[in-house]
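Novice: Following this message is one structure expressed as structure tokens.
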Amino acid sequence: MQQGSLLKSTTEGNRYMFLTQLKALSENSRVLKINLIGFVGQSWYEAEDESVTELVKKIDTFEATEQDEIHCFINSQGGNYFAGVHLYNVLKNSPAKIVTKNLGQASSAASVVFMAGDERIAYPGSITMAHKPLIKPELCNSDDLRALAEELDDVGSSMRALYLLETGLDESKLDELLTSEKLMNPDEALANGFVTKVSDDNSYQAIKEKSDIKASQRAELNTKFKIDESKPEESNKPVEASVVIKACQENNL
């Protein structure tokens, strides 16, 4: 893990985020948790925005190995297809095991990101939806519209190939789902290959990224890292990763 500024936090929800991530699944494994919430990309026309860029940076900084896991929690209506493909490919190229979790909706471009999971889990009440590529033309003449139609067909071919690869559906069934823009509940998404597992866990504790630190351990860590819980609006002093890891080991975390 790279040296860096850790435990620089302003809220209870993320103060111990890195401690939680450093808790091993087994002796040699780690878990990185990322969240894709809201619009994918800056707009329909701009592929990248700060949120997508930051997620990619987190994945790169994690420096995953084959023993690690990356869990991507999704609740997104979609957005820019190419931003979704970018994040999909970053996840697919990681040596870590990828687990994508649909906590609300994984629609449109967000369903592309969802497809990156080695495990793709739909939670109760969630919706998965894929459709043909869309565009909002402005001030186009007939030549422009014909060119746009060809471009959409090219994007559609790319999109279909990705869904076919990950779902195992035959082309006719996939085309039916894309044309109808079917809102698939967890069981339907499972039947159509978009999901590999339907979760019966509705506690959503994983996304909160809180650890089970005992009060005594928490007080000791607060002192060590100079965390003042009475002033959550102020940033706390950053510390290096090696210090955090050592503190976790000393406290059996």
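The values are calculated or read from the model by the stated rules, or taken from the named source; none is laboratory data. As the structure is a computational prediction, the values presented were derived from the model and not from experiment. Here Cβ is always computed from backbone atoms with ideal geometry, including for glycine, and neighbour counts include all displayed protein chains. SASA here: full protein model, heavy atoms, side chains in, ligands and nucleic acids out. Shrake-Rupley method; radii C 1.70, N 1.55, O 1.52, S 1.80 Å.
Novice: Which fully enclosed helices (runs of 4 or more DSSP H) of segment 111-200 have 1 or more residues being under 23 Å from residue 99 (Cα atoms) and among the basic types (Lys, Arg)?
Specialist: 142-167
Novice: How many of the residues in segment 66-84 are in contact (Cβ under 8 Å) with a residue 40 or more places away in the chain and more than 20 Å from residue 195 (Cβ to Cβ)?
Specialist: 6
Novice: I've got another one for you. Scan segment 147-170 and tell me whether some residue there is β-branched (Val, Ile, Thr) and without any contact (Cβ under 8 Å) to a residue 60 or more places away in the chain.
Specialist: Among the residues of segment 147-170, at least one is β-branched (Val, Ile, Thr) and without any contact (Cβ under 8 Å) to a residue 60 or more places away in the chain, which makes the answer yes.
Novice: Go over the candidates 77, 67 one by one and state the one that is modelled with pLDDT under 95 and under 14 Å from the mean Cα position of the chain (by Cα).
Specialist: 77
Novice: Still on this structure, please answer the following. Quick check, is residue 106 crowded, with 22+ Cβ neighbours inside 10 Å and within 24 Å of residue 201 (Cβ to Cβ)?
Specialist: yes
Novice: Can you give me the number of residues within segment 66-103 that are among the hydroxyl-bearing types (Ser, Thr, Tyr) and either surrounded by fewer than 21 Cβ atoms within 10 Å (Cβ to Cβ) or not in a strand (DSSP E or B) (or both)?
Specialist: 3
Novice: Quick one: residue 169 ticks every box in (1) open to solvent by less than 70 Å² (accessible area, probe 1.4 Å); (2) modelled with pLDDT under 95 except a single one, so which number is it?
Specialist: Just one mismatch for residue 169, condition (2).
Novice: For residue 115, all conditions in the list (1) over 29 Å from residue 32 (Cα atoms); (2) open to solvent by less than 20 Å² (accessible area, probe 1.4 Å) hold save one; what is the number of the exception?
Specialist: Failed condition: (1).
Novice: Only one of 145, 152 is open to solvent by 20 Å² or more (accessible area, probe 1.4 Å), over 18 Å from residue 82 (Cβ atoms) and in contact with a Pro (Cβ under 7 Å, 6 or more places away or on another chain); which?
Specialist: Exactly one of 145, 152 is open to solvent by 20 Å² or more (accessible area, probe 1.4 Å), over 18 Å from residue 82 (Cβ atoms) and in contact with a Pro (Cβ under 7 Å, 6 or more places away or on another chain), namely 145.
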